[in-house]
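Coordinate-derived values only; no laboratory data. Small disclaimer: the values here were computed from a predicted structure and weren't measured. For neighbour counting, all protein chains shown are included, and Cβ atoms are generated from backbone atoms with ideal geometry for every residue, glycine included.
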Amino acid sequence: SIYTEAKSLFQRGSKLNLSADDCILPSREIEANGLKEFIESNIINLTSNSLYISGPPGTGKTAQVNSILQSYMKNKDEDTCIKDLKLYDKIRKTFIQRRVAFVNINCMIINNPENIYDEILKKILNKNYCYKNEKYNSKDLSIFLKDDKIADISIVILDELDNLITKNQTILFDLFSYAKNKNTKLILIGISNALDLTDRFLPRLKTNNVNPKILQFLPYNSEQIKQIIIFKLQSLFLQLPKNDDLLKAEIPLIHPAAIQLCSKKVAVNTGDLRKAFDICHKSLEMVEDMTRSKLSKQDFEKLTIFEAPKVSIAIIAKVCSSLFGNNNSGNCNDILLINKLKILNLQQKTTLCSLIRFEEEQFQIKDRSINEFYQYYKTKVSLDKLIGHLKKTEFIEVISSLESFGFVNIIGGTSNNKKKFDNNNKKIYPNINKNQLAKAVEDVIYLNKIL
């Protein structure tokens, strides 16, 4: 049915119907142009460089990077990630030919962070070039990146970069350092939900003069969400004859006021575009079920994009209410708190999740010291192999930052800032509940395991 086709537009992971020459997502023109300029200038000049893309979930980071990547990879041989690119050099005012290796990896699939070197090299070399049976290591990657026999330069995109964090952060340091070395010919692009990964996890980068460029994707506002939903719905008109242009002026299947309500609700709550898509998908499903129940099977299947009943503002309101709850002050406060929790870095979230679980398991003990919590954090909580536990001094720094944000309460000891955490017997209590934290980390699988 026409509803089935419309629902497919709002499924998670669905693609926008961009033109063959257009790789810029709606409402991401500034970010896309900045990303294209970064990639193309470094390819043309054969310069190593790194870019860190951050932003909350559902802001289009991965979708925009992939869209630009696919525009470069058009007509590529399927058996290789190497592509000959012809780019225009604005300074020299001439076209430059470059042989580029493209590697795009979601780090969530990497079981052991040390395997990232092997994953990168095998994607570039493929079966025709593999010269060893055992896994490639950091040294192998370093040697390859200095060799221009296969490619003039390599572009490595690492999505979910948080998953490469290790106890001593060696792997991320190595990768970003390669992109600093003039001889390696590597363009490294890391994508993560953590807004301050470089400041919190990679202090070694700055001390070694390795400073990735930063590109931040902010949450969508209501106008941007509205325009993207309309763009999706109007893509249904692409199958219509050209003489139906006058009919294409309207928005199909969802009433404009309903789109406006959906956009405002999502923007106020999270700014996560995926939530808006979920609402549209569910609303279309409800109208589809109601319409099917009123018509014969034959009449239902004959419905066109212009005749099919539209999603009303009442249906959108009902779906939003079930997703976000009633719009009371308590709920609004919860939403603000959850949004603040979402922008914490990985170690802060891990520590909070551990503290919530620690409190649950130690509920009979009234006084819970920081020292007891740290021992629990080290020995009782399975942190998977993606991230090691913090050293005591690092752990104390994380606790201090969480207290400054108001997420934990510290009781006892001196109030002097320099000696604030000298006393391991100070008591620590979470200032948030499990449900709030669970919503903030719902996209991070191993944090859910801790909770």
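Mean sequence separation of contacting Cα pairs (under 8 Å, at least six apart), scaled by the length of segment 29-216, corresponds to a relative contact order of 33 percent. Peptides 210-217, 82-89 ranked from most to least packed give 210-217, 82-89, packing being the mean of other C-beta atoms within 10 angstrom over each peptide's residues. Computed from the alpha carbon atoms alone, the convex hull of segment 29-216 holds 126 Å³ per residue.
What the phi angles of segment 368-378 give under the Karplus curve with 6.51, -1.76 and 1.60, with θ = phi - 60°, is a coupling list of 10, 7, 4, 4, 5, 5, 5, 5, 5, 4, 6 Hz, glycine and proline written as x.
The gain in end-to-end length when the residue 139 to residue 126 segment is fully stretched comes to 2.9 nm, 0.36 nm per residue minus the alpha carbon separation.
Can you sort 205, 284 so the residue with the fewest Cβ neighbours within 10 Å comes first?
Values: 205 22, 284 27.
Placing the least packed residue first, the sequence is 205, 284.
Remark: the residue 12-residue 392 segment gains 132.7 nm on full extension, using 0.36 nm per residue and subtracting the alpha carbon distance.
Once fully extended, how much extra length lies between residue 304 and residue 322, figured as 0.36 nm per residue of separation less the alpha-carbon to alpha-carbon distance? Working shown, then result.
On the way: separation 18, 0.36 × 18 = 6.48 nm, distance 2.96 nm.
Net length gain for the segment: 3.5 nm.
Counting other C-beta atoms within 10 Å, which of 4, 270 has the fewest, and how do the rest follow? Each step should come with its number before you reach the end.
Details: 4 10, 270 23.
In order of increasing Cβ crowding within 10 Å: 4, 270.
Ordering 61, 434 from the fewest to the most neighbouring beta carbons within 10 Å gives 434, 61. Of all DSSP bridge pairs formed entirely within segment 29-216, close to 25 percent run antiparallel.
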